[in-house]
1. Percent antiparallel among DSSP beta bridges with both residues in the chain, to the nearest 5?
2. When the chain is fully extended, how far beyond the present Cα-Cα distance does GLU197 get from THR6, taking 0.36 nm per residue of separation?
3. D for region 1-108, whole µm²/s, Stokes-Einstein with Kirkwood Rh over alpha-carbon pairs at 4 °C and 1.567 mPa s: what number?
4. Given the C-alpha atoms of region 101-253, compute the convex hull and give its volume per residue in Å³.
5. Run the paramagnetic zone check for GLN272: 7 angstrom along Cα to Cβ, then residues of region 1-22 with backbone nitrogen under 13 Å.
6. Trypsin sites (Lys or Arg not before Pro), restricted to region 1-76: which are DSSP loop and have at most 16 other Cβ atoms within 10 Å?
7. How long are the semi-axes of the ellipsoid equivalent to region 202-304, from square roots of 5 times the Cα gyration tensor eigenvalues, in whole Å, largest first?
8. Counting each DSSP H run of 4 or more residues in the chain as -39500 (n - 2.57), what helix-only mean residue ellipticity at 222 nm follows after dividing by all residues, to the nearest 500 deg cm²/dmol?
Amino acid sequence: MAIVDTRYKLNTGAEIPALGLGTWQSAPGEVEKAVSHAIFVGYRHIDTAACYQNEEEVGKGLREAFASGKVKREDVFVTTKLWCTYHTRVEEALDLSLKKLGLDYIDLYLMHWPLAMNPNGNHPLFPKLPDGSRDLDRSHSHVTTYKSMEKLLATGKVKAIGVSNCSKRYLEELLPQVSVVPAVNQIENHPALPQQEIVDFCKEKGIHVTAYSPLGSTGSPLFTAEPIVEVAKRKGVTPATVLLSWHLARGSSVLAKSVTPSRIEANRNLIQLDESDMALIAKYSDDLASRKAFQRYVYPPFGVDFGFPDKSSS
Ligand SMILES: NC(=O)c1ccc[n+]([C@@H]2O[C@H](COP(=O)([O-])OP(=O)(O)OC[C@H]3O[C@@H](n4cnc5c(N)ncnc54)[C@H](OP(=O)(O)O)[C@@H]3O)[C@@H](O)[C@H]2O)c1
């Protein structure tokens, strides 16, 4: 079996393909083609979110692939996410996503961030307070939101539920209060931000980790980082291949975003990294951490640490 065909078993018993196509910041007019091309060249995992505002186009790309007759709905693992301004309207948000995607069910529905935002603020998706800060709804905890998501499982409209951007602390608060252990925690993850504490905690609790921004996102410095380039040379592959393969060596699935057909294809070329490759990259991670050199999406999410009042309502 090619490495790209690796699948990980979730705590629901379902399998998540190791490589997924990311769609954040994929421009309108490009993402439909990216999705259908990815599926035609073998991807079986597509990641989107309500706040990417591209679910309709992603849905078109999926339908184009299904219409070919070569791939069926059940062959493709589709993830979408509940946006922060919808934490009090979970089923309504899911129904909107299903409608836009043109699907009957989602394979994995994630709470995008464990923080609610004001649903009646000055913007439907990104409300801000007059001082420019995020308009958070502190009366509604991520535990309450997740309990609403648990109810979705009985509707058949989602096969699995999970979280995203959850630090260890948010998970520690959540787990004792809910009945369904999240299937996945989707977090930013790459050698400049290994998030080892979260990865280890998730492993211990049976929560699969999916890595986002594995290439370091747009304009990434990781492609030219010396140890990444060195491992790439050793293996005769590109730095992108090393960065994506790093997650498989850690037992995580990985989302690579591209709207460029040649890159969508190249990103399938995952390889096995060995212990010496991983050790070299770990040294780089440790060095960056000790110098606090890369701290973009460091948790707690949105800079808000714990302390919401409603711990176990509903
Ligand atoms: N849960 C969350 O909060 C969250 C947050 C961020 C992202 N995500 C998910 O994770 C996905 C991936 O993360 P991301 O979009 O931030 O960034 P990423 O996948 O790390 O990087 C994407 C960037 O790398 C370029 N690229 C792709 N393949 C390449 C290759 N082989 N060589 C050189 N450049 C390459 C892409 O350009 P082109 O497209 O122009 O080819 C794009 O500019 C997202 O799309 C989204 O689905 C989730």
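1. Percentage antiparallel, nearest 5: 20.
2. Working: separation 191, 0.36 × 191 = 68.76 nm, distance 2.43 nm.
Taking GLU197 through THR6 to full extension adds about 66.3 nm, to one decimal.
3. 91 µm²/s
4. So the per-residue Cα hull volume is 162 Å³.
5. The answer is 1-4.
6. Values: sites: ARG7, LYS9, LYS33, ARG44, LYS60, ARG63, LYS70, LYS72, ARG73; in loops: ARG44, LYS70, LYS72.
Answer by residue number: LYS70, LYS72.
7. Semi-axes, largest first: 21, 17, 16 Å.
8. -10000 deg cm²/dmol
Just so you know, all these numbers are worked out from the coordinates, no wet-lab data involved. Being a predicted model, the structure only gives us computed values, none of them experimental. For neighbour counting, all protein chains shown are included, and Cβ atoms are generated from backbone atoms with ideal geometry for every residue, glycine included.
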